[in-house]
Amino acid sequence: MNYDLIGDIHGHSEPLVRLLDRLGYRCDNGVYRHSERQIIFLGDFIDRGPEQREVIEIVRPMIDAGAAQAVMGNHEFNAICYFTQDPEDPSRHLRVHSAKNQAQHKVFLEAYDGTRDYAELINWFRTLPLWLDLDGLRVIHACWDEKLMRFLSDRYPTVNSFLADDLIVKASRRDSKEFKAVETLLKGKEIRMPGDTMFRDKDGNPRHHIRIRWWDGKARTYQAAFLGPDAALSHIPEDPIDAEHLIDYSEGDPPVFFGHYWLDGEIDRLAPNIACLDYSVAAKVGGKLVAYRWDGEQQLSKDKFVHVSR
Ligand SMILES: [Mn+2]
């Protein structure tokens, strides 16, 4: 099977429809389809953008009808935990309803909270796999780490078909191995910068940790290892990295696609077999929704990225 992979959508259905059209998918009885290809969505359907329901109403029928597959993003995982009561304290939820968490989830809640289909949608989110390991192709929202995947699938056999209650609870407790595993797979590897070094993220929050190029053995400094918007780069020090941060991912391994990192530069692969398809469609007008047309190749190529601008 040949696949078209699509990065983080974050509530922007209008560019999504244009991208599907550009890729040759046609809407038939409410389902966008291609006669020879299938979409793989990289997660983060929700939050931020104005068209929360519209996005779900496009992607969900495609996935349910077999015209697409998807992995879970950290925003879907957060939505599950925000919705789910803490079994040890039913007055609370697994993701606390703090001002910060509410603000991040606001447009989604405005579209779904108090409606008949809220609970049902959360249950559907729980059916999204954390990763896809297909023939010659790997897909995850942020970071491909086989050790953590093995840990989760040994202990939670349904991890890629239905997120079990006990996994959701454990993954919400900061001191658990499950938390570390889900956090890394869905949010990437991070390392702390030296001393008090910090920068401000896209929401203005101070950050002492940076998201890193987890596969990149050549990156020896914090700046070289940084993965994120170019605009933040000048705030990252050039000091040598003083921590273990790499995952053994060789150039001979199958290609892996992920989203999550809010890139803003020229669209290209990050290594011959590594590509991020999140180019910040939700950040601003002009942000890009990006796809990659994959036809079985192990080495990815720049001319197979397709994008639309918001
Ligand atoms: Mn994300």
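For the stretch 190-246, with equal point scatterers placed on the C-alpha atoms only and solvent neglected, what are the log10 I(q)/I(0) values from the Debye formula at q = 0.17, 0.30 1/Å, to two decimals?
The Cα Debye sum returns log10 ratios of -0.47, -1.44.
Once the Cα atoms of the stretch 1-40 are picked out, what are the Rg and Dmax in Å?
Just the Cα atoms of the stretch 1-40 yield Rg and Dmax of 10.1, 28 Å.
Classify the stretch 191-310 from the C-alpha gyration tensor, please: rounded if a/c falls under 1.5, else prolate or oblate depending on whether a/b exceeds b/c.
oblate
Give me the mean projected area, in nm² to one decimal, of the convex hull enclosing the Cα positions of the chain.
Values: hull surface 63.6 nm².
One quarter of the hull surface, i.e. the mean projection, equals 15.9 nm².
Roughly what would the spin-label model give for Q102 and S35, points 7 Å off Cα along C-beta, in nm?
According to this spin-label approximation, the distance is 5.3 nm.
Distance between Cα centroids, the stretch 136-175 to the stretch 5-64: provide it in whole Å.
Cα centroid to Cα centroid, the span is 25 Å.
Once amide H atoms are placed 1.01 Å from N in the peptide plane, what residues at a sequence separation of 5 or more from I40, or on another chain, have their amide H within under 5 Å of its amide H?
D4, L5, I6, Q69
Ranked highest first by the average count of other Cβ atoms within 10 Å around their residues, in what order do 72-81, 296-305, 15-24 fall?
Result, highest mean first: 72-81, 15-24, 296-305.
Provide the net charge surrounding N78, with neighbours chosen by a C-beta distance below 12 Å and charges set as Lys +1, Arg +1, Asp -1, Glu -1.
On the way: positive: R95, K100, K187; negative: D44, D47, E76, E183.
Residues near N78 contribute -1 overall.
Each reported figure results from applying straightforward, stated rules to the coordinates on display, with no laboratory input. Because the structure is predicted, anything quoted here is derived from the model rather than measured. Positions of Cβ are backbone-derived with ideal geometry, glycine not excepted, and every protein chain shown enters the neighbour counts.
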